[in-house]
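Asks: Here it is, the structure, as structure tokens.
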Amino acid sequence: MAAAGTAAVRAVAVRAAGPRSRLKQRTKRYRLPNLRLDEENCTGCGACVDTCPFGALVLEGAVVRILDSCTDCGACVGSCPSEALILERPKAAGPAVDLSAYKDVWIVVEYDRKGVSHVALELLGKGRELADRLGCRLAALVLGESVSHLTDELFAHGADLAYVVEHAALKKYRTDPYVETAAQLIRKHKPEVVLLGATTTGRDFAGALAAEIDTGLTADCTGLEIDAASRNLVQTRPAFGGNIMAQIVCKRHRPQMSTVRPKVMELPKRRDGHKGQVVKEEVALDDEKFLTKVLEFVKEEGSTVNLADANVIVSGGRGLQDPANFKVIEELAKVLGGAVGASRAAVDAGWIAYPHQVGQTGKTVRPKLYIACGISGAIQHLAGMQTSDIIVAVNKDPDAPIFKVATFGVVADLFQAVPLLTEKLRKRLGK
Ligand SMILES: Cc1cc2nc3c(=O)[nH]c(=O)nc-3n(C[C@H](O)[C@H](O)[C@H](O)COP(=O)(O)OP(=O)(O)OC[C@H]3O[C@@H](n4cnc5c(N)ncnc54)[C@H](O)[C@@H]3O)c2cc1C
């Protein structure tokens, strides 16, 4: 898909008047409590009352009453000496669709004027692995106005076939025509897995598409594996503020959809000469009925930082103590021809703009060299940089967690160590 709203450009769009009813309205379903009391067995001892973390059990006379605030957590069940509390777990519902009708792994391809985006190639690498595990084909989905020239690059990175749709309405990414086209093809060909990049465009596209075709979506996955027995895609991603890694499966619906951030998966080796099949698809799109149109592209200010593509990143954290001290970081970055990154603490303090933030809620980076200065190494920061080839950490605290992932650790005051390093490198590199 043609990238829009990337780091460098912001699409200006207008929304036409009228109801937007195509995305399904979902009604909230309230569950009836499954915890019940066998009144004949209840002795009114009250042993269960204090075990409820939600205060949902009260003693009324000689019998316990379950209040509406019961969450069915089951914490009380074992506390009843006369086994009067019974929790009936609902049986898992069966598949919502015929799972066996779905096959192949699809990558939704993002591109720009320079060609196929890095994240699409990275997804082809992971997709190839998944397709081989599933014993199926790896397909690329390319939507745009004039995009046939991209397919050789996709085949060279592992795709077996490419579905290509060319239409004037797909010239620039817009949610409605892209979702309508992709949904038509997914309904027709029934892929088992669909992967998209967690870019600005990919995030918008994936969410709307998953809602349209009524399936689940796991965003920002850091790991994707196949469970051989069930053929389910096991999607790993950080949860609860990055404190746990959750494994999510979409058991009842197909396709299984995930987004993955750039630089999370490895770029596959190019296989020149690897050929694939081009499948040209026709779709009927009525531009009149789409709610948005792109009027112009406006270059976004302050978005010149391209952390994702930098080979060297020098990052500063709260240890810098003052926004003016980012100068120390900038000088080292300049000598190394690298980009400046930051921890969220430095960004939240207003010392540096958000596009510099590395981590779970910032950018995921994978440079050849990452230098972390005055950064403690919180799990949310590590989530965005720990796959860098070489990590150098400068921190005055020898127990800082950043040293656990560092290739080289410098226990020192950054205000002494970093300028010294900059000076040495300047001389060594003749800058
Ligand atoms: C949901 C969620 C998402 C988050 N997302 C992100 C994210 O994307 N990116 C991110 O970075 N954080 C993120 N965080 C915040 C994260 O938990 C940490 O709070 C943050 O990374 C800490 O930044 P820091 O290391 O700069 O600061 P601190 O943890 O305060 O560490 C400062 C470090 O500097 C060292 N230091 C101090 N003075 C010097 C000196 N003179 N010389 C050398 N070392 C010195 C100290 O020893 C210390 O280790 C997130 C948190 C949550 C809950």
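Asks: Please state which of the following conditions ARG428 fails to meet, knowing it meets all the rest: (1) more than 9 Å from the ligand (Cβ to nearest atom); (2) more than 22 Å from CYS221 (Cα to Cα); (3) assigned to a helix (DSSP H, G or I); (4) touching a residue at least 24 places away in the same chain (Cβ under 8 Å).
Replies: Exception for ARG428: condition (4).
Asks: Counting only residues that are at pLDDT 95 or above and surrounded by 20 or more Cβ atoms within 10 Å (Cβ to Cβ), which one in the stretch 227-243 is nearest to ARG128 (Cα to Cα)?
Replies: Checked the stretch 227-243; the qualifying residue nearest to ARG128 (Cα to Cα) is LEU233.
Asks: Can you tell me how many residues within the stretch 304-326 are crowded, with 17+ Cβ neighbours inside 10 Å and away from the ligand (no atom under 11 Å from the Cβ)? Explain how you work it out, then say what you get.
Replies: First, the residues of the stretch 304-326 that are crowded, with 17+ Cβ neighbours inside 10 Å: 305, 307-308, 310, 312-317, 319-320, 325-326.
Narrowing further to those that are away from the ligand (no atom under 11 Å from the Cβ): 305, 307-308, 310, 312-314, 326.
Counting residues in the stretch 304-326 that are crowded, with 17+ Cβ neighbours inside 10 Å and away from the ligand (no atom under 11 Å from the Cβ) gives 8.
Asks: Among ILE329, ILE379, ILE375, which is surrounded by fewer than 22 Cβ atoms within 10 Å (Cβ to Cβ), in contact (Cβ under 8 Å) with a residue 60 or more places away in the chain and either within 12 Å of the ligand (Cβ to nearest atom) or more than 24 Å from the chain's Cα centre (by Cα) (or both)? So that I can check it myself, show each step before the final result.
Replies: Details: ILE329 fails: surrounded by fewer than 22 Cβ atoms within 10 Å (Cβ to Cβ); ILE375 fails: surrounded by fewer than 22 Cβ atoms within 10 Å (Cβ to Cβ).
After ruling out the rest, the residue left standing is ILE379.
Asks: Tell me, yes or no, whether the stretch 353-363 has at least one residue that is in contact with a Ser or Thr (Cβ under 8 Å, 6 or more places away or on another chain) and of a type in the set (Phe, Trp, Tyr).
Replies: There is no residue in the stretch 353-363 that is in contact with a Ser or Thr (Cβ under 8 Å, 6 or more places away or on another chain) and of a type in the set (Phe, Trp, Tyr).
Asks: Scan the stretch 244-256 and give yes if some residue there is in contact with a Gly (Cβ under 6 Å, 6 or more places away or on another chain), hydrophobic (A, V, I, L, M, F, W, C) and under 22 Å from ARG128 (Cβ atoms), otherwise no.
Replies: Filtering the stretch 244-256 for residues in contact with a Gly (Cβ under 6 Å, 6 or more places away or on another chain) gives 250, 253.
Next cut, hydrophobic (A, V, I, L, M, F, W, C) only: 250.
With under 22 Å from ARG128 (Cβ atoms) added as a condition, the list becomes 250.
Yes: one or more hits.
Asks: Another one. Of all residues in the stretch 382-396, which are closer than 19 Å to LYS263 by Cβ, within 11 Å of the ligand (Cβ to nearest atom) and of a type in the set (A, V, I, L, M)? If you could, list the steps in order and put the result at the bottom.
Replies: Of all residues in the stretch 382-396, those closer than 19 Å to LYS263 by Cβ come to 382-392.
Adding the requirement that they be within 11 Å of the ligand (Cβ to nearest atom) leaves 382-385.
Selection gives LEU382, ALA383, MET385.
Asks: Of the numbered conditions (1) without any contact (Cβ under 8 Å) to a residue 40 or more places away in the chain; (2) more than 22 Å from the chain's Cα centre (by Cα), GLY362 satisfies every one except a single condition; which is it?
Replies: Only one criterion is unmet by GLY362, namely (2).
Asks: Just the residues that are without any contact (Cβ under 8 Å) to a residue 60 or more places away in the chain and either closer than 20 Å to GLN256 by Cβ or outside the structural domain of THR181 (by TED's automatic domain parsing) (or both), please, taken from the stretch 93-118. Show your work before the answer.
Replies: Residues of the stretch 93-118 that are without any contact (Cβ under 8 Å) to a residue 60 or more places away in the chain, as a first pass: 98, 100, 113-116.
Across the stretch 93-118, the qualifying residues are ASP98, SER100.
Asks: Being within 12 Å of the ligand (Cβ to nearest atom) and surrounded by fewer than 22 Cβ atoms within 10 Å (Cβ to Cβ) is the filter; apply it to the stretch 332-354 and report the residue that is nearest to ILE390 (Cα to Cα).
Replies: In this case the residue turns out to be ARG344.
Asks: Which one is nearest to LEU332 (Cα to Cα), of the residues in the stretch 404-415 that are within 8 Å of the ligand (Cβ to nearest atom) and surrounded by fewer than 19 Cβ atoms within 10 Å (Cβ to Cβ)?
Replies: Taking the stretch 404-415 and keeping what is within 8 Å of the ligand (Cβ to nearest atom), we get 412-415.
Those still in the list that are surrounded by fewer than 19 Cβ atoms within 10 Å (Cβ to Cβ) too: 412-413, 415.
Values: ALA412: 16, ASP413: 15, PHE415: 12 Å.
The selected residue is PHE415.
Asks: Give just the number: which of (1) under 33 Å from the mean Cα position of the chain (by Cα); (2) over 30 Å from ALA310 (Cα atoms); (3) exposed (fewer than 11 other Cβ atoms within 10 Å of the Cβ) does GLU88 not satisfy?
Replies: Only one criterion in (1) under 33 Å from the mean Cα position of the chain (by Cα); (2) over 30 Å from ALA310 (Cα atoms); (3) exposed (fewer than 11 other Cβ atoms within 10 Å of the Cβ) is unmet by GLU88, namely (1).
The values are calculated or read from the model by the stated rules, or taken from the named source; none is laboratory data. Bear in mind the structure is a predicted one, so any value in this text is a computation, not a measurement. Note: ideal-geometry Cβ built from the backbone for every residue, glycine included; neighbour counts use all protein chains shown.
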